[in-house]
1. Among the residues of region 103-115, is any of a type in the set (F, W, Y), modelled with pLDDT under 90 and touching a helix residue (DSSP H, G or I) at 6+ places or on another chain (Cβ under 7 Å)?
2. Taking the condition of being touching a residue at least 24 places away in the same chain (Cβ under 8 Å) and either among the charged types (D, E, K, R) or not assigned by the TED database to the domain that holds M119 (or both), how many residues in region 149-202 meet it?
3. What's the total number of residues in region 78-123 that are surrounded by 14 or more Cβ atoms within 10 Å (Cβ to Cβ) and under 23 Å from the mean Cα position of the chain (by Cα)?
4. Got at least one residue in region 2-10 being modelled with pLDDT of 85 or more and not in a helix (DSSP H, G or I)?
5. Based on what the data block shows, is I207 among the β-branched types (V, I, T) and at pLDDT 90 or above?
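The values are calculated or read from the model by the stated rules, or taken from the named source; none is laboratory data. What you are looking at is a predicted structure, and each value in this text was computed from that prediction instead of being measured. All Cβ positions, even for glycine, are placed from backbone atoms using ideal geometry, and neighbour counts span all protein chains on display.
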Amino acid sequence: MTTTSRPHLRHRTPGDLLFSIALGTTVALVLFATVYPIWFVTVASVSDPTMVATGRVWLFPQGFSLFGYEQILADDRIWTGYRNTLLYTVVGTALNLVVTLPAAYALSRREFAPRKPLMFFFAFTMFFSGGLIPTYLLYRDLNLLDNWLVFVIPSALNVYNLIIARAFFEHSLPEELFEAATLDGVGYFRFFLSMALPLSKAIIAVIGLYYLVQHWNDFFTGLIFVRDYDKQPLQIVLRDILLSNQAFAGGAGGAGGSSGGEYAQQFADQIKYGVIIVSTLPVLLVYPFIQKYFEKGVMVGSVKG
């Protein structure tokens, strides 16, 4: 194929070439700044702590060591935290989708008369909060303190995700499809279940991932509203493991001198790197399976919202 059949190649000016180089360089730098920290933490978590402390670890492991992971996985608390967080994430995300998708669909229908005042009510909660103390008192009166439902019920609906889903239903589902279904005797509820949802895999993937990450990273709820250690999420457990190892490193420094303190701190740092990987790996493993839906859905929600 010659360039005569590809007009976009015939008029490539020096300015276009310079722009392409600048764009490629910028993308490469952003990619490096995004990927390298994750790669470094991964490599450092399996390297000899002394090699990491002396700056010899850059791209590949040096002096292979699994000490950090051995210490983390040998702690029974980590399995309790994983069990709890998996429960809160799975149940919470399922409830989020069950609440958000029907609400977004109803608010997307122009014939739904109260949709504007209801949307104002939802949006109002994004800008104003009752505050921590009233929230604590409310949860206490609802018997949600030290209750695993505190991780699920109060966060059943995220208004930002509701707006994204509403925009998708409003702009991506053809009105002609609903009219044709109505002529066949299909009502709103059946149309939502049999037609709207099967055509909404992209937006389901988007808000599902948002909710999943929200529940998986939930640290504040467990810190404030839960005292029972058997119900603490993974993030609180990992925080406690880090604090206990930092305290051990500080004690070793005082008892064994500067040399002992340095070695203890190095091992504490390796445990820290291992904690980062343990806490982020499940989400990183889930994302590739929904990436194709995520890219499409997030663009529709952002451009047409």
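1. yes
2. So the answer is 3.
3. Within region 78-123, residues that are surrounded by 14 or more Cβ atoms within 10 Å (Cβ to Cβ) and under 23 Å from the mean Cα position of the chain (by Cα) number 23.
4. No - not one qualifying residue is present in region 2-10.
5. The answer is yes for I207.
Residue-by-condition table, conditions (1) within 19 Å of N217 (Cβ to Cβ); (2) in contact with a Gly (Cβ under 7 Å, 6 or more places away or on another chain):
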| residue | (1), (2) |
| --- | --- |
| V41 | yes, no |
| M51 | no, yes |
| G63 | no, no |
| L66 | no, no |
| D75 | no, no |
| G81 | yes, no |
| T85 | yes, no |
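Okay, residues lined up against (1) outside the structural domain of L242 (by the TED database); (2) within 18 Å of D269 (Cβ to Cβ); (3) part of a helix (DSSP H, G or I); (4) out of contact with any strand residue (DSSP E or B) (no Cβ under 9 Å at 6 or more places or on another chain):
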| position | (1), (2), (3), (4) |
| --- | --- |
| A33 | yes, no, yes, yes |
| W39 | yes, yes, yes, yes |
| S47 | yes, yes, no, yes |
| V52 | yes, yes, yes, yes |
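So that you can scan it fast, the table gives a plain yes or no per residue for (1) more than 21 Å from the chain's Cα centre (by Cα); (2) in contact (Cβ under 8 Å) with a residue 40 or more places away in the chain:
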{"site": "L18", "(1), (2)": "yes, no"}
{"site": "V27", "(1), (2)": "yes, no"}
{"site": "V30", "(1), (2)": "no, no"}
{"site": "A53", "(1), (2)": "yes, yes"}
{"site": "L59", "(1), (2)": "yes, no"}
{"site": "Q62", "(1), (2)": "yes, no"}
{"site": "S65", "(1), (2)": "yes, yes"}
{"site": "A74", "(1), (2)": "yes, no"}
